[in-house]
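Reading through the structure tokens given below for one structure.
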Amino acid sequence: GAQFAILDHVLPDGWNASGYKRRSQAQTRFVVNCSDVDRETTTVFVEGSWGVDSSNLLENLRVPLTSTEETSPLWIGEANLKPGVFVFNYIMIKTEGNKTVITKEECAPREIEIFPSANARAIMLATDLDGTVVGDKESCEAFFRVWNDEYRPKGCKLVYNTGRPFDSAMRLINKGEVERPAVLVCSEGTQVFWFEEGQDKPVLDVEWQQKLNGTWDYENLVNLTAELYATHKANISNYVALAHTYGQPMIVLAVSCRETTETIVEALMS
């Protein structure tokens, strides 16, 4: 409890468990899970540089992390990083007399994209799709004219926040019914996709997905919903446990009867 009250919005890294790209503002927090570390003689550091080649070696940065009785086995630290892609890994340094020795370091590098400070005149506009920018073609076209003429040039960012699943939302974008956003939040907030410059396809925010998957008791929940489906399947037209197939933290139950819906919700809440 104390660990996650401190971490708040940061998903702890596992040692040698990279695999996804992080995104952050300049003030960046690093958190890594390191067990069996002697805090009296060993310190954990972040070590990295900007870019993916050797041209930035003069800009190497080493950030010390700290761990206390309250936060152990987590090591936590912060740094103010300049914009760009910061490539780093975690290392352990042990003090032996007057010497310091790297005793352990991660095998694979990690990446974190640091966003530049926003233009003072820029805004982020988050909007639903259906009944907002979809549904009235003339109003939709007028909105995008204003957005592209007055707001996009200032560095403003457009975010779609929709209950539609990814494929459904992408059909609207690919057909030109709505324009390409900076970010797509879909499936009731369980998936986030970034539309990065120079990339044709949006990129899944794996950090967000892993954080959500770590905040619910999925196995017990999927077992309970399977039982509820078996009991009430006459009134359920669709049942999909998306975490099984896509790793997506979402279970879909399409229920046609209000009474059955209330029974299922009560069972899940209990």
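The values are calculated or read from the model by the stated rules, or taken from the named source; none is laboratory data. Model, not experiment: these values are computed from the prediction. For neighbour counting, all protein chains shown are included, and Cβ atoms are generated from backbone atoms with ideal geometry for every residue, glycine included. Accessible surface is based on the protein model in full, side chains and every heavy atom, while ligands, DNA and RNA are left aside. Shrake-Rupley method; radii C 1.70, N 1.55, O 1.52, S 1.80 Å.
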Sole residue being under 21 Å from Gln209 (Cβ atoms), at pLDDT 80 or above and charged (D, E, K, R), chosen from Arg62, Arg29: Arg29
If we keep just the residues of the range 32-53 that are touching a Phe, Trp or Tyr at 6+ places or on another chain (Cβ under 8 Å) and of a type in the set (Val, Ile, Thr), which is modelled with the lowest pLDDT? Val37
Provide a single number: the residues in the range 145-188 that are under 22 Å from Val240 (Cβ atoms), outside any helix (DSSP H, G or I) and open to solvent by 50 Å² or more (accessible area, probe 1.4 Å). 4
Would you mind telling me which numbered condition in (1) surrounded by 19 or more Cβ atoms within 10 Å (Cβ to Cβ); (2) aromatic (Phe, Trp, Tyr); (3) part of a loop (DSSP other than H, G, I, E, B) Trp216 fails? (1)
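Every residue, every condition in (1) among the basic types (Lys, Arg); (2) touching a Cys at 6+ places or on another chain (Cβ under 6 Å); (3) farther than 28 Å from Val146 by Cα; (4) without any contact (Cβ under 8 Å) to a residue 40 or more places away in the chain, yes or no:
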site	(1), (2), (3), (4)
Ser168	no, no, no, yes
Phe193	no, no, no, yes
Thr215	no, no, yes, yes
Tyr218	no, no, yes, yes
Val222	no, no, yes, yes
Tyr229	no, no, yes, yes
Val255	no, no, yes, yes
Glu262	no, no, yes, yes
Leu268	no, no, yes, no
Given Gln191, Gln210, Gln199, Gln248, which one is within 15 Å of the chain's Cα centre (by Cα) and open to solvent by 50 Å² or more (accessible area, probe 1.4 Å)? Gln210
Search the range 219-242 for residues being in a helix (DSSP H, G or I) and touching a Leu at 6+ places or on another chain (Cβ under 8 Å), and hand back the single one that is nearest to Ser18 (Cα to Cα). Leu221
Odd one out for Ile236 among (1) free of Cβ contacts under 8 Å to residues at least 60 places away in the same chain; (2) closer than 30 Å to Asp136 by Cα; (3) open to solvent by less than 70 Å² (accessible area, probe 1.4 Å): (2)
Out of Glu197, Glu138, Glu207, which single residue is in contact with a strand residue (DSSP E or B) (Cβ under 8 Å, 6 or more places away or on another chain), over 30 Å from Glu259 (Cβ atoms), of a type outside the set (Phe, Trp, Tyr) and not in a strand (DSSP E or B)? Glu207
Looking at the range 27-52, which of the residues that are in a loop (DSSP other than H, G, I, E, B) and at negative phi is least open to solvent (accessible area, probe 1.4 Å)? Cys34
